[in-house]
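Visitor: I am attaching a structure below and will ask some questions about it afterwards.
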Amino acid sequence: MEQGYDFGLVGLGVMGRNFILNVAEKGFTAFGNDLDAEKVAALISEGGNENQVSATTNLATFVEKLSAPRKIMLLVPAGKIVDAVIESLLPYLEPGDILIDGGNSFFTDTDERAAYLKEKGIHFFGAGVSGGAKGARLGPSIMPGGSKEAYAKVQPILEAAAAKYQGEPCVAYLGPNSAGNYVKMVHNGIEYGLMQLTSEIYDLLKKGGDLSNSELHDIFTQWNTGRLQSFLVQITSEILAKKDDLTDGDLIDMILDRAKQKGTGKWTSQNAMDLGIPVPSIDISVSMREISALKEERIQANKLYTRPSIESMEKTALIDLAEEALYFSFIMTYAQGLHQLAEASKEYGYQLDIGLIAKIWRAGCIIRAAMLADITAAFEEDNSLPNLLLAPSFVKKIEPTVVAARKLVGYGITNGIPLPGLVNSLTYFDAYTSNLLPLNMIQAQRDFFGSHTYERQDREGIFHTDWEG
């Protein structure tokens, strides 16, 4: 073709190949690059029309094929590989070209890369992409941040490729610097929390209600038609129906209870602590993956301690409690993540619009859920809302579900069924909605042993007491 390709992509793994094919199917010409000749050949074969989508293993050829200013997305693993790809591209780039990191890079790395490339006249910004391989092909949720000027040049391409919710593209410019990567990080933290909660409810129903996988499939399928409608509830129902190819049983029963992680949940938790924002539902989801990794120790400990016999609950009652408790804890998890985003926006100068973020999460991404439409509406009504729990519309949603959460937590504790995500969600709610916490005792203790001072309830000022005088 005589004219250069509209869009370039480095990294033709499953995500990269699907995303570039998505772009090409939306009417833009796209050119890919990968060191692996088999991946290049696979893209060309699947694309079917090299004038619309093609690829090469040669970086010089790749850059030459793109129209100026070049718009290049990197979909490679986070970390040193991103830096290596940038350095390999630099000799062929020109001032005004645009690099987009579509991976899960840590947000401070994005800030450093953007500053480094700005000196060379190259625009660089992070754009979180959520939706997995299927979402990359059919339409993901995309979270870009950085140079607004650079984003404007790729906006038509990203809007075309993004998922659509009632016709609206699930992508929007979120803010300067590393805003896009930061929002994607917290998105993944929320994802950790929702996955933990869903797994707990599955476990509770199986153990406490003696429900079969077939019955659980029906329950989650039914829930996905109501207020719990979400991608994670949907795939849970599908997982429960999957038969094992290697045995006569269900696949879920054959999968080892040892979960892995790539770090974004941990980053969310660590950064929340840096900001002083509580996200206990996310924190415990990270810890539970770490506990799950201790499989051999857990087997040994199981033999050493007596566990309570599980007292079955009437199925219908248990299912109803579980639905309410899961809905309650989902709200708590979103509330914590969005609270962190609001605080980070002030701390890092992102100028985030929380309602807009909820809006682009409504379709395409892993944490998409029906309640995000309600969350969007709540923040559009009051864009200065510090926490979702303070939204009048959500007070009405949360209040009727609290009793069920309390009953389920009590039942789990009594019967030795671990519900750490639900417990932490309920504890967060009880602490956040309490006008008096026992932290006065902690302040007194700190002053007693370290003269750290304290404040009083009845008057202004900073005080210290000689406790042993």
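The values are calculated or read from the model by the stated rules, or taken from the named source; none is laboratory data. Just so it is clear, the structure is predicted and the values come from calculations on it, not from any experiment. Note that we place each Cβ from the backbone using ideal geometry, even for glycine, and neighbour counts take in every protein chain shown.
Visitor: Of all residues in the range 1-12, how many are more than 20 Å from Glu87 (Cα to Cα) and part of a loop (DSSP other than H, G, I, E, B)?
Guide: 5
Visitor: Here's a follow-up. Please indicate, with yes or no, whether at least one residue in the range 9-20 is assigned by TED's automatic domain parsing to the domain that holds Ile157, without any contact (Cβ under 8 Å) to a residue 12 or more places away in the chain, out of contact with any strand residue (DSSP E or B) (no Cβ under 7 Å at 6 or more places or on another chain) and not aliphatic (A, V, I, L, M).
Guide: no
Visitor: Additional query: Count, please, the residues in the range 94-113 that happen to be in contact with a Gly (Cβ under 7 Å, 6 or more places away or on another chain) and over 20 Å from His187 (Cβ atoms).
Guide: Of the residues in that region, 2 qualify.
Visitor: Among the residues of the range 229-236, is there at least one that is touching a strand residue (DSSP E or B) at 6+ places or on another chain (Cβ under 6 Å) and assigned by TED's automatic domain parsing to the domain that holds Asp320?
Guide: The answer is yes, given that some residue of the range 229-236 is touching a strand residue (DSSP E or B) at 6+ places or on another chain (Cβ under 6 Å) and assigned by TED's automatic domain parsing to the domain that holds Asp320.
Visitor: If you go through the range 326-341 one residue at a time, do you hit one that is over 20 Å from Leu197 (Cα atoms) and crowded, with 22+ Cβ neighbours inside 10 Å?
Guide: Checked the range 326-341: at least one residue is over 20 Å from Leu197 (Cα atoms) and crowded, with 22+ Cβ neighbours inside 10 Å.
Visitor: Could you list, in sequence order, the residues of the range 121-152 that are charged (D, E, K, R) and either buried (at least 19 other Cβ atoms within 10 Å of the Cβ) or modelled with pLDDT of 95 or more (or both)?
Guide: Answer for the range 121-152, where residues must be charged (D, E, K, R) and either buried (at least 19 other Cβ atoms within 10 Å of the Cβ) or modelled with pLDDT of 95 or more (or both): just Arg137.
Visitor: Which condition number does Thr247 fail, the rest of (1) surrounded by 13 or more Cβ atoms within 10 Å (Cβ to Cβ); (2) in a loop (DSSP other than H, G, I, E, B) being met?
Guide: (1)
Visitor: For residues that are within 40 Å of the chain's Cα centre (by Cα) and either of a type in the set (Asp, Glu) or over 30 Å from Leu389 (Cβ atoms) (or both), tally how many sit in the range 453-469.
Guide: 2
Visitor: Going residue by residue through the range 251-260, is there one that turns out to be in contact (Cβ under 8 Å) with a residue 12 or more places away in the chain, out of contact with any His (no Cβ under 8 Å at 6 or more places or on another chain) and closer than 30 Å to Leu341 by Cβ?
Guide: Scanning the range 251-260 turns up at least one residue that is in contact (Cβ under 8 Å) with a residue 12 or more places away in the chain, out of contact with any His (no Cβ under 8 Å at 6 or more places or on another chain) and closer than 30 Å to Leu341 by Cβ.
Visitor: Do we find that Glu311 is over 26 Å from Ala133 (Cβ atoms), part of a helix (DSSP H, G or I) and either in the same structural domain as Ile413 (by TED's automatic domain parsing) or not hydrophobic (A, V, I, L, M, F, W, C) (or both) in this structure?
Guide: Here the answer is no, as Glu311 does not meet what is asked.
Visitor: Kindly indicate the residue of the range 357-400 that is modelled with pLDDT of 95 or more and among the hydroxyl-bearing types (Ser, Thr, Tyr) and also farthest from Lys164 (Cα to Cα) among those meeting that condition.
Guide: Ranking the qualifying residues of the range 357-400, first place goes to Ser393.
Visitor: Can Ile284 be described as within 15 Å of Glu200 (Cβ to Cβ), modelled with pLDDT of 95 or more and within 17 Å of the chain's Cα centre (by Cα)?
Guide: On the way: within 15 Å of Glu200 (Cβ to Cβ): yes; modelled with pLDDT of 95 or more: yes; within 17 Å of the chain's Cα centre (by Cα): yes.
Yes.
Visitor: Regarding the range 190-213, can at least one residue be identified that is aromatic (Phe, Trp, Tyr), within 22 Å of the chain's Cα centre (by Cα) and within 23 Å of Trp267 (Cβ to Cβ)?
Guide: Yes - at least one qualifying residue is present in the range 190-213.
Visitor: Pairs, please: C-beta under 8 Å, at least 6 apart or cross-chain, first residue within 13 Å of Gln336 (Cα to Cα) and in the range 270-286, second among the hydrophobic types (A, V, I, L, M, F, W, C) and surrounded by fewer than 18 Cβ atoms within 10 Å (Cβ to Cβ)?
Guide: Pro278/Ala431
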